[in-house]
Amino acid sequence: MKFSLSERVSKREQDKPSRKNKHLPSFLALKDEINQALADGWSMYQIWSTLRAEQKLGCSYVWFRNLCQKHIQDTSPQQHHHSVKPVKTPAGVSQEDSFTFSSTINKEDLI
């Protein structure tokens, strides 16, 4: 008896998981340790290379970064809060001498 294509795909995926899901379980098992190491100030590359040398992770560095960005919340305030600083005019230059942009059109200036 022949199996349908869906049954064959299901069997194959159970035997050999797709690349997308291959490293996720081991990453999730180490998620708390990775998050703590990042909070302690270690770089992603240093963490990845240590886990790779210990053979706890087998993924590439790029894939490790993708997993970190997707599953670990970065709580460092300097990366999430971008503030706009006011521009200081140099000494000796008045506000009238500087360029100001106006989004409205003054018809008298066009003539």
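Below are the figures for this structure:
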read-out	value
Those residues of region 1-47 which are basic (Lys, Arg), in a helix (DSSP H, G or I) and loosely packed, with under 10 Cβ neighbours inside 10 Å, in sequence order	19, 20
Residues of region 48-85 satisfying the condition of being of a type outside the set (D, E, K, R), at pLDDT 65 or above and loosely packed, with under 10 Cβ neighbours inside 10 Å	53, 55, 62, 73
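The values are calculated or read from the model by the stated rules, or taken from the named source; none is laboratory data. Note that the structure is predicted; figures quoted are calculated from it, not measured. Note that we place each Cβ from the backbone using ideal geometry, even for glycine, and neighbour counts take in every protein chain shown.
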